[in-house]
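Notes follow the structure.
The values are calculated or read from the model by the stated rules, or taken from the named source; none is laboratory data. The model shown is predicted, which means the values in this text are computed figures rather than measured ones. Positions of Cβ are backbone-derived with ideal geometry, glycine not excepted, and every protein chain shown enters the neighbour counts. Just the protein is used for accessible areas: all its heavy atoms, side chains included, with ligands, DNA and RNA removed. Shrake-Rupley method; radii C 1.70, N 1.55, O 1.52, S 1.80 Å.
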Amino acid sequence: MKRPSLILCCALLGLVPTACGPGTDPDPGVDRSDSAKVDLDHLTITVSGRAELFPEAARLLEAQGQSVPTLDGVALTIEEPLRVGVSDAESVFGQGSIGADGGFSVADVPVRNIHLSLAASLEHEGFVRSSTVVFDTVFTRTRPRTDIIGARAWALPNTFHDALTRAVGEMWIRAHTDDRARTLRDAGFVLGRVVDASGAPVAGARVVLDRGELADRIYYPAPDFQSASQDSTHATGLFIYVHSGAASETFTLSIQGTQDYLPRNAGATPGRGLVLTLFPGSTPP
């Protein structure tokens with residue numbers, strides 16, 4: 001059953017009860033007896049890092065003899081992607097632009113407005129509108145209390161999106177959307193990568209959702225992007241969730257048969273993609 005859009009924020013809070021409260025120590029085992037208490041209702045942070053083409057996208061373009069587009073000057077938004085889909089006026093926290101070296105830095109991001117996750121989002125001609133998760137409350141059970149540094153924002157060029165759409169197949173996208181969409185962009189999608197502790201892609205991983213009725217929407221594209229299966233990840237570690245093309249929905253993702261990978265907050269809305277990396281433990285590789 002779909003979750004009502006009008007009360008999405010409350011539903012999100014229900015998934016992580018302490019996300020808007022004091023929460024638990026995000027760094028277990030660290031002595032904070034001499035540290036000042038952080039006021040999460042008035043704290044602002046800086047989110048900085050690098051924006052790059054999604055690695056498999058860059059490899060595909062190079063294999064086809066196409067030039068890799070530059071991101072210099074592209075606008076970047078810091079937002080909560082699971083709230084953007086329901087037109088929440090407080091879902092956007094800051095804006096900036098990408099430098100010639102791919103770097104970005106957005107200051108004065110108010111943490112009090114973060115419920116489940118924080119993302120760096122790109123929207124530019126030649127690219128799919130996409131959001132890359134850079135902070136997930138699943139790891140800390142609270143909002144961020146320090147600056148986020150070394151974040152990665154992945155850009156998805158249209159050529160790569162078209163390859164992913166062909167891999168899944170228009171027939172299946174139309175079936176999942178009741179004929180509302182023929183491409184992943186129109187349907188809305190999640191593009192994920194499963195990696196190990198060193199950051200290397202994991203083959204043979206099976207992604208499961210906390211909502212059984214959505215289980216058949218997960219696909220695993222072949223390394224050549226000519227097809228996709230529904231068994232498990234291939235050598236690239238990639239998976240795709242195909243949305244319904246209708247109202248925004250939220251859910252959690254996890255890896256079947258292991259407790260090393262914590263369940264992750266995710267969601268999808270028509271017209272855009274959510275990008276995330278599933279890694280073991282609580283520290284990105």
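A compact table of results
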{"item": "Among the residues listed as Gly85, Gly102, the single one being at pLDDT 95 or above and out of contact with any His (no Cβ under 6 Å at 6 or more places or on another chain)", "result": "Gly102"}
{"item": "Single unsatisfied condition, Val190 versus (1) outside any loop (DSSP other than H, G, I, E, B); (2) in contact with a Pro (Cβ under 6 Å, 6 or more places away or on another chain)", "result": "(2)"}
{"item": "Considering residues of the range 114-138 that are open to solvent by 30 Å² or more (accessible area, probe 1.4 Å) and not hydrophobic (A, V, I, L, M, F, W, C) only, the residue nearest to Ser48 (Cα to Cα)", "result": "Glu123"}
{"item": "Restricting the range 266-285 to residues that are farther than 20 Å from Ala51 by Cα and loosely packed, with under 14 Cβ neighbours inside 10 Å, the residue that is modelled with the highest pLDDT", "result": "Gly281"}
{"item": "The range 46-100 - residue that is of a type in the set (Asp, Glu) and open to solvent by 70 Å² or more (accessible area, probe 1.4 Å) and, of those, nearest to Ile149 (Cα to Cα)", "result": "Asp72"}
{"item": "All positions within the range 168-182 that are surrounded by fewer than 23 Cβ atoms within 10 Å (Cβ to Cβ) and either in contact with an Asp or Glu (Cβ under 9 Å, 6 or more places away or on another chain) or in a strand (DSSP E or B) (or both)", "result": "His176, Thr177, Arg180, Arg182"}
{"item": "The range 152-166: number of residues that are in contact (Cβ under 8 Å) with a residue 60 or more places away in the chain and open to solvent by 10 Å² or more (accessible area, probe 1.4 Å)", "result": "4"}
{"item": "Matching entry among Arg185, Arg174, Arg193 (being more than 16 Å from the chain's Cα centre (by Cα), at pLDDT 95 or above and either farther than 28 Å from Leu61 by Cβ or not β-branched (Val, Ile, Thr) (or both))", "result": "Arg174"}
{"item": "Conditions (1) closer than 29 Å to Thr77 by Cα; (2) of a type outside the set (Val, Ile, Thr); (3) open to solvent by 20 Å² or more (accessible area, probe 1.4 Å); number of the one not met by Ser229", "result": "(1)"}
{"item": "Residue that is more than 29 Å from Val86 (Cβ to Cβ), charged (D, E, K, R) and surrounded by 15 or more Cβ atoms within 10 Å (Cβ to Cβ), where the choices are Arg193, Arg217, Arg185, Arg206", "result": "Arg206"}
{"item": "Residue under evaluation Val106, criteria (1) under 17 Å from the mean Cα position of the chain (by Cα); (2) crowded, with 20+ Cβ neighbours inside 10 Å, criterion not met", "result": "(1)"}
{"item": "Residue ranges of strands (runs of 3 or more DSSP E) in the range 67-159 with at least 2 members among the polar types (S, T, N, Q)", "result": "92-97, 117-122, 130-136"}
{"item": "Checklist (1) of a type outside the set (D, E, K, R); (2) touching a residue at least 12 places away in the same chain (Cβ under 8 Å); (3) out of contact with any Cys (no Cβ under 9 Å at 6 or more places or on another chain) applied to Gly65, failing item", "result": "(2)"}
{"item": "Failed item in (1) surrounded by fewer than 22 Cβ atoms within 10 Å (Cβ to Cβ); (2) touching a helix residue (DSSP H, G or I) at 6+ places or on another chain (Cβ under 9 Å), with Ala235 passing the rest", "result": "(2)"}
{"item": "Counted residues, the range 139-151 - those being small (Gly, Ala, Ser) and either touching an Asp or Glu at 6+ places or on another chain (Cβ under 9 Å) or surrounded by fewer than 20 Cβ atoms within 10 Å (Cβ to Cβ) (or both)", "result": "1"}
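Residues are listed down the side, and each one gets a yes or a no for (1) in contact (Cβ under 8 Å) with a residue 12 or more places away in the chain; (2) within 18 Å of the chain's Cα centre (by Cα):
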| residue | (1), (2) |
| --- | --- |
| Ser229 | no, no |
| Gly237 | yes, yes |
| Ser244 | yes, yes |
| Gly257 | yes, no |
